[in-house]
1. Quote the Stokes-Einstein diffusion coefficient, in whole µm² s⁻¹, for the chain, based on the Kirkwood radius over alpha carbon pairs, a temperature of 37 °C and a viscosity of 0.692 mPa s.
2. Quickly estimate the mean residue ellipticity at 222 nm for the chain, helices only: each DSSP H run with n ≥ 4 gives -39500 (n - 2.57), and the total goes over all residues, rounded to 500.
3. Would you give the gap between the C-alpha center of segment 173-216 and the C-alpha center of segment 37-89, rounded to a whole Å?
4. For the residue pair K231 and D142, what label-to-label distance in nm results when each label sits 7 Å from Cα along the Cα-to-beta-carbon direction?
5. How large is Rg/Rh for segment 103-225, to two decimals, with Cα atoms and a Kirkwood Rh?
6. Would you kindly work out the equivalent ellipsoid of segment 212-285 from its C-alpha gyration tensor and give its semi-axes, the square roots of five times the eigenvalues, largest first in whole Å?
7. Could you go through segment 88-94 in sequence order and give the Karplus-derived ³J(HN,Hα) for each residue, using 6.51 cos²θ - 1.76 cosθ + 1.60 with θ = phi - 60°, rounded to whole Hz, and x for Gly and Pro?
8. Of the peptides 82-92, 200-210, how do they stack up when ordered by the mean number of other Cβ atoms within 10 Å, highest first?
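Every read-out reported here was derived from the displayed coordinates using simple, explicitly stated rules and does not represent laboratory data. Keep in mind it's a predicted model, so treat the numbers as computed, not measured. Note that we place each Cβ from the backbone using ideal geometry, even for glycine, and neighbour counts take in every protein chain shown.
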Amino acid sequence: MRASRALDLTDPATIRAVARRSGLTIRRELGQHLLIDRDVLDAIIAALGADGADLLEIGCGIGTLTAELARVARSVIAVDIDAACVRATRLTQRDNANVSVIRADARGIEPSELGLRAGWLATGNLPYNITGVVLSRLFEMDEPPRRGVFLVQREVAARLTAGPGDWSLATVVLRSVATIERLRDVTPAAFDPSPAVHSSVVRLSARREISAESRRRVIALARLVFQQRRKTLRHGLTHALGGDAVAAVAVLNAGGVQAGVRPGTLSLDEWQRLADAAAELRGRSS
């Protein structure tokens with residue numbers, strides 16, 4: 001299971017050579033920024049705790065993180081949407097028998113079809129524009145990864161790990177299926193080419209906080225309420241309930257939540273109480 005370090009995939013000259021041989025042109029529109037900081041690589045591996053597990057890597061680039069994963073994992077399934085990245089990673093990881101590289105869109109993958117076994121883990125240097133979609137899809141699965149460690153935009157990490165008072169819809173969506181930790185920030189210099197923004201390493205651990213049905217109701221309600229996130233919760237609920245201010249007040253009273261707070265201040269438990277109250281109100285009026 002040991003991987004070779006014959007290629008230093010954090011070395012710019014090696015990166016250029018691999019790119020030329022595989023026909024890879026780095027495409028910023030795909031969020032392709034190759035990680036070249038070995039300290040960050042080591043931090044990701046340590047945070048994963050991947051010994052003996054099956055691993056899904058999203059966005060393998062030229063195989064820099066893949067090589068490190070291969071040293072500790074039972075198997076690594078590396079996916080990338082760019083055919084040139086797939087060629088590059090197959091080239092750099094050709095000596096690692098526990099690595100499989102496939103071309104796929106991470107937003108549509110099915111881990112069970114990839115042969116990932118119970119207790120599988122996930123990681124990746126995620127393109128900033130699909131971070132929320134990918135993380136939601138992974139941790140909403142019936143059998144989600146036990147744990148995931150990802151590089152994401154620093155602003156996204158701050159939003160997902162925000163304390164009470166600064167939640168967003170994305171925070172509600174992910175915190176209902178996982179605990180999220182912000183482990184460290186990463187400067188643009190850790191990548192080639194350097195992005196225009198800072199990044200962060202985040203760790204998610206699968207944990208169902210509420211039932212699937214309650215979660216469905218919470219997200220449906222929160223999505224509408226957050227359209228009025230700058231206004232009070234009473235305004236947001238009125239909007240979510242089709243303009244019925246009387247119903248909004250009734251839901252607030254039943255849920256035991258103050259009308260004058262902002263949506264971002266609510267805890268998951270408060271969202272659940274409001275969603276349950278709204279569902280009960282609709283049930284009585286139908």
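1. Values: Rh = 20.3 Å.
In µm²/s, the coefficient is 162.
2. Values: 11 runs with 114 residues, N = 286.
Value at 222 nm, helices only, nearest 500: -12000 deg cm²/dmol.
3. Going from one Cα centre to the other spans 17 Å.
4. Placing both labels 7 Å along Cα→Cβ, they lie 4.0 nm apart.
5. Working: Rg = 14.7 Å, Rh = 15.2 Å.
My calculation puts Rg/Rh at 0.97.
6. Numbers: eigenvalues 49, 39, 25 Å².
Square roots of five times the eigenvalues give 16, 14, 11 Å.
7. Karplus-based 3J(HN,Hα) across segment 88-94 equals 5, 6, 4, 5, 6, 10, 4 Hz.
8. Details: 82-92: 21.0, 200-210: 18.2.
Sorting 82-92, 200-210 by mean packing, highest first, produces 82-92, 200-210.
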